[in-house]
Every structure is written in structure tokens, then in C-alpha cells.
Amino acid sequence: MSTGFFGDIKPVKYEGPDSDNPPAYRFYNPDEVVMGKRMEDHLRFSVAYWHSFAWPGGDPFGGQTFERPWFGDSMEHARLKADVAFEMFTLLGVPFYCFHDADVRPEDATFAESAARLDEIAEVFAAKQRETGVKLLWGTANLFSHRRFMAGAATNPDPDVFAYAAATVKKCIDVTKTLGGQNYVLWGGREGYETLLNTDLKHEQEQAGRFLSMVVDYKHRIGFDGTILIEPKPQEPTKHQYDYDVATVYGFLKKFGLEKEVKVNIEQGHAILAGHSFEHELALAAALDIFGSIDMNRNDYQSGWDTDQFPNNVPEMALAYYQVLQAGGFTTGGTNFDAKLRRQSLDPQDLLIAHVGGMDCCARGLKAAAKMIEDKALSGPLEERYAGWNSAEAQAMLKSERTLEQIAERVVKEGIEPKPRSGRQEYLENIVNRYV
Ligand code: 3MF
Ligand code: MG
């Protein structure tokens, strides 16, 4: 039965580019086949529970702007929130959702009571998943909002907080597994520091390594076959976060021997905060074989902080999906909108419209990327640029069949003088322009 929150709106449908009905898909057509696969199976859209249903609309200068009938601290509120959330997933026709423990139920007085409340809501979710066919893309624990985590969770100077965080993550993995979640995400919002003056960086790195190793052990012990994902972010809320970017996470995983066990959930806005482009982070993760999933939300380029806006820059998104497709596409991952409304967007319809627009932009980006791949628009020139490496002698250098001295000798003997060739950047940029 409908909660009535969204009025008498019908499920959002694909109506084609010419539709002027606001809640309609103009480009996202779930059944349309792109590069041999349905769009829905390529994009694997997911709604983030927290921004849409738990965030009150505050900013650093002001509090709540949204008035929602499910705001409150009781389990009744939590159940109403679940009703409205699944109503929205169904209206949008998204296949997945994601949540933190703290988004879905209020905490209780003790750890055990809070865990019991989580189980109670998980039962509600399980029934709704069966009823609607919506699935869990990933579960996660909120180890950053409560004051107990102010100095970190796994990297807290207090071992009791480390233990509390471990118990919380164990519980959240259990619930994620019960709900058939396809991944489990760890984002270390407080895993970092405010000042080195009070921080034993080496000790905290060891704590983080031990923590993650236990998570991976546990996953295998209980037979959870989802992917463990780390979500990099350089700073905010802490001044420096240990999971700074993809390269930093990879170094950390290598150090603790976890590079085959853990992948990354890359967020567009976090990539920008780290001084990279989104496509850089995606390409690097693919090259390192740790690409997992994406959070498709942008920052305002002027504000310099994490504004978590719905995506709307199709040319940028085309380059991102180009990397996703080049990496072979998603396996357990997907496109999660870790995006929130602007705090003046008060109406229930705004929630729908925001997701519809984001999904349409993703569809356009995906289609442009697929066309570039099918036409070998970029891969052709790329192959040509590296073609010299196909020669037997070049391969011998790569495959450690030559020493530095042997190479030096050949350079002299053959009188090798390299001839610079154009990188053709503007030519390639113009090619991309034809697709977006
Ligand atoms: C913060 C984020 C987080 C993560 C979430 C799951 C609150 O910038 O992006 O959202 O996505 O904690 O890891
Ligand atoms: Mg995120």
C-alpha cells in the first residue's frame, strides 16, 4: 500500500528524448541493448538511503530544512522510512539500493540493543526486497557520525573504539550477507587525523591493516561472496584521510597483502578533492586490477568541498563510463548515487526528478562511451601510438630479456636517434566531442 508521500505519481517510464513530462526517462531505457548488454545491467543503478531519507538538509550554517514524516527516533519512524524508500526505488525502477546501519534505524542504549534493532529493520528490508525485486548493492557501517568515533574507528587511539568498530562491522557484514548484498563498503571518514601533534601515524596504519585483514578473514569464514570495497577520499571530515586516493589505497593493500581481496568504490567528487579527474582514478584502479564500483555524484567546482550533487555533466560522464567499459564493466559493482538534493529542494517530487536526471545523464554517457569503443575512435589511435612495442626487440626489453648494458650497446651500434611524434591531443579531444 502506498504511503502517499509522492502523491498519485505513476512509475517513471522511458518516454524518449522528446517527452516533456518531468518524471520521465528520456535516455535511460533499461531494456535497450548497448554493446550486447541491457542498459540496466550495464549501469546497475543504486539509490543511497542516507542522503535521500536520513539527511535533514543541514549545512555548516543552518539546520534542518526538510520536513519528512519519518524523521524521528522511534522504530515506527524507521519503518515508515523504509516504506517510503522502497516506494521510491519502485517508482524509479532502480535495481539496487545501499545503506549504513545508522541510516535505517535509531541506535538504542547498548550495542546489543542497537544490533537487535538493525535485525528488526533487516527483516523489513528482506520482505520488501522479495516483494519489489529491488536488491542490495552494498551495505556499510557508519563509523563517523557518532561522537565515539570522533578520533577514528579502526585507527582510534583507544582500543575500545577499535573493538566497538570491529563489532559494528561484523554485524553490518552479517546483515549485508543476509540481505544478499553484492558488496560491502568501508569508507574511513574519520580514519585519518586533524593534527600530527597528537597522532602516531605508524601505529594507526598498523591498526587499519589489522582491521581490514580481520574483515577479509571474516568474509571468507562466513562465506560472504560479495566484494569488499574501500572508498578513497583525501580529506573531509578529517584534515587528512589515510585512504587518500586509489594509488594510496593500493599501496596500503599491498603492504598488508590484501590487493587481491579488496577493490575500490570510486566517487567522482572524491577524485576531484584528491586533485585528480574521475577518469584518472577509474583508469588507475583498472590498471591495478582493483576497480569495483562507483559513487556517481559531483562536487561544485567552485566550492572546493564535497557537495554530493546529482551528476549532470554528460561529456565528463562519457569519459568515466569509457573507463568503466574498458575495465570490462561492473561485476558486483554498480552506479550508486551518493547524491543529495540541494537544501531548498523541499518537494517529494524533487527526490524523484533528481534521480531521473542523474540516470538519464548516465545513460547518455554510457551510450557515448559505447559508441567510441565500437568505432575504435580512441583505441585505434592508441594502438598506433604504442605499435612500436610489438617488435621483437621491444618485447625483449619489456620481458626482462635485456640488461641495461645490452640496450646501451644496441643504441650505439644501431645509431638509434628517436624521432619525436605528435601526441595529437587536440585531434583526440575533437573526436570525443563528436560523440558527446
Ligand atoms: C562520504 C561518502 C560516504 C560513503 C559511505 C559509504 C556518507 O563522502 O561518500 O557517504 O559513500 O559512507 O562508504
Ligand atoms: Mg560515497
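Summary table below
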item: Fewest-first ranking of F61, F66, using other Cβ atoms within 10 Å as the exposure measure; result: F61, F66
item: Gyration tensor verdict on the chain (Cα atoms; rounded if a/c is under 1.5, prolate if a/b is larger than b/c, oblate otherwise); result: oblate
item: Positive-end residue, segment 130-206 charge dipole about Cα centroid, Cβ charges, pick of G192, A153, G181; result: G181
item: Amide H within-cut-off set for H240, under 5 Å, with H built and near neighbours excluded; result: Y193
item: Stretchable slack from E409 to E107, in nm (0.36 nm times residue separation minus alpha-carbon distance); result: 101.6 nm
item: Likely footprinting exposure, E107, E426, fewest C-beta neighbours within 10 Å first; result: E426, E107
item: Spacing of the two label points (7 Å from each Cα toward its C-beta) at E401 and D158, in nm; result: 6.2
item: Reference-scaled alpha-carbon Rg (2.2 N^0.38 Å with N residues) for segment 1-80; result: 1.50
item: Lys/Arg +1, Asp/Glu -1 at C-beta; the chain dipole; positive extreme among I431, G251, F96; result: I431
item: Cα centroid separation - segment 15-69 against segment 303-347, whole Å; result: 10
item: Karplus-derived HN-Hα couplings along segment 300-306 (A = 6.51, B = -1.76, C = 1.60, θ = phi - 60°), whole Hz, x at Gly and Pro; result: 6, 5, 7, 7, x, 9, 7
item: Filtered trypsin sites (Lys or Arg not before Pro), segment 302-356: DSSP coil and at most 16 other beta carbons within 10 Å; result: R342, R343
item: Order of E67, E194 under a 10 Å beta carbon neighbour criterion, fewest first; result: E67, E194
item: Charge context of R342, other residues only, Cβ under 11 angstrom, K/R +1, D/E -1; result: -2
item: FRET efficiency, 1/(1 + (r/R0)^6) with R0 41 Å, evaluated for W389 and A24 via beta carbons; result: 0.25
item: Reach of K413 by Cα under 15 Å, taken over aspartates and glutamates that are not fewer than 8 positions away in the same chain; result: E393, E405
item: Segment D31-E123, length gained on full extension (0.36 nm per residue, minus Cα span); result: 30.0 nm
item: Estimated dipole of the chain in Debye, rounded to 20 [Cβ of Lys and Arg +1, of Asp and Glu -1, Cα centre]; result: 700
item: In sequence order, calculated HN-Hα J values of segment 181-193 (Karplus, 6.51, -1.76, 1.60; Hz; x Gly/Pro); result: x, 8, 8, 10, 9, 10, 10, x, x, 10, 8, x, 8
item: Ordering of 319-327, 254-262 by burial proxy (mean other Cβ atoms within 10 Å per residue, highest first); result: 319-327, 254-262
item: For segment 265-362, alpha-carbon Rg relative to the globular expectation (2.2 N^0.38 Å, N residues); result: 1.08
item: Positive dipole terminus of the chain, leading residue within F45, Q406, A274 (C-beta point charges); result: Q406
item: Computed [θ] at 222 nm, helices only, for the chain once each DSSP H run of length n ≥ 4 contributes -39500 (n - 2.57); result: -14000 deg cm²/dmol
item: Ranked packing of 306-316, 171-181, most packed first, by mean Cβ within 10 Å; result: 171-181, 306-316
item: Of K128/K340; K37/K255; K135/K219; K263/K399, those spanning more than 31 Å from alpha-carbon to alpha-carbon; result: K37/K255
item: Segment 128-240, dipole about Cα centre (Lys/Arg Cβ +1, Asp/Glu Cβ -1), debye to the nearest 20; result: 420
item: Shape of segment 192-309, Cα gyration tensor, a/c cut at 1.5; result: oblate
item: Percent RCO, i.e. relative contact order, over the chain, from Cα pairs under 8 Å lying at least 6 residues apart; result: 15
item: Between segment 94-138 and segment 189-268, the alpha-carbon center distance in angstrom; result: 24
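Bear in mind these aren't lab numbers, they're just calculated from the coordinates by the rules spelled out. Computed from a predicted structure; not experimentally measured. All Cβ positions, even for glycine, are placed from backbone atoms using ideal geometry, and neighbour counts span all protein chains on display.
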